[in-house]
Structures are given as C-alpha cells and as structure tokens.
Amino acid sequence: MPAPHGPRRRARIAFSDSAATQLDTITSEAEFHSLDRALVVISVDPEAGELLPGDSSGPRLRQYADDVERVRLVYWVTALKMVVVVAFIEV
C-alpha cells in the first residue's frame, strides 16, 4: 500500500493517429513547451479539463485549455486512467 502522502501517480498519455500527425508538424520550441505544460497538467489531473457535450455511445471527450500558453487539448480518459489525446490545438 502506498504511503498516504507519497507522490501521486501520473496518468499515462497516448496520442491518437491524428494527434500524432499534429505532433510531427510542430517545429517551434515554443509550441513544444506549450504542449508539454498542458500534458503535465492532464497527466497529474486527468479531470482538469471540462467535459464536452456528447452522448454516452463513445468515450466522453474532455477539453483542457490554457489561456496563458494559448493551447487546447481534446482528450478522453480510459477506465484505467490513461489519457488519450485526440487533438492539440493552438488558440
């Protein structure tokens, strides 16, 4: 049993094919930094983003937006708390 005040386990993050394609197009260090910061937030707290409207026929999509870094992630969380990033969008 882990210690009650020990480090919290971070969620694993995976990328959909479309999100992986987006990653391949990033060339700016600033874009990587923005994405990295947003990924850290949702890996620590997968429920940090807001639920997007939808039905229960598929995974419930969430959106995490960081106005300072000007980035938005669309993702869903599996039953085992793995975060699957669907899209990375700069705003």
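Side notes on the structure shown:
- Tail weight of P(r) past 18 Å, computed on alpha-carbon pairs of the chain, percent: 45 percent
- Split the accessible area of the chain by element, probe 1.4 Å, and carbon with sulfur accounts for 55%.
- Under a Gaussian network description of the chain, with springs only between Cα atoms under 10 Å, the residue in VAL44, VAL68, VAL77 that fluctuates furthest is VAL68.
- Per residue, the accessible area of the chain comes to 69 Å² when a 1.4 Å probe rolls over the protein heavy atoms.
- Listed residues ARG37, ARG72, ARG62, most fluctuating in the chain (Gaussian network, C-alpha, under 10 Å): ARG37
- GNM top mover of ASP67, ASP55, ASP45 - the chain, alpha-carbon springs below 10 Å: ASP55
The values are calculated or read from the model by the stated rules, or taken from the named source; none is laboratory data. This is a predicted model, so every value here is computed, not measured. Each accessible area value is taken on the protein alone, full model and side chains, heavy atoms only, with ligands, DNA and RNA left out. Shrake-Rupley method; radii C 1.70, N 1.55, O 1.52, S 1.80 Å.
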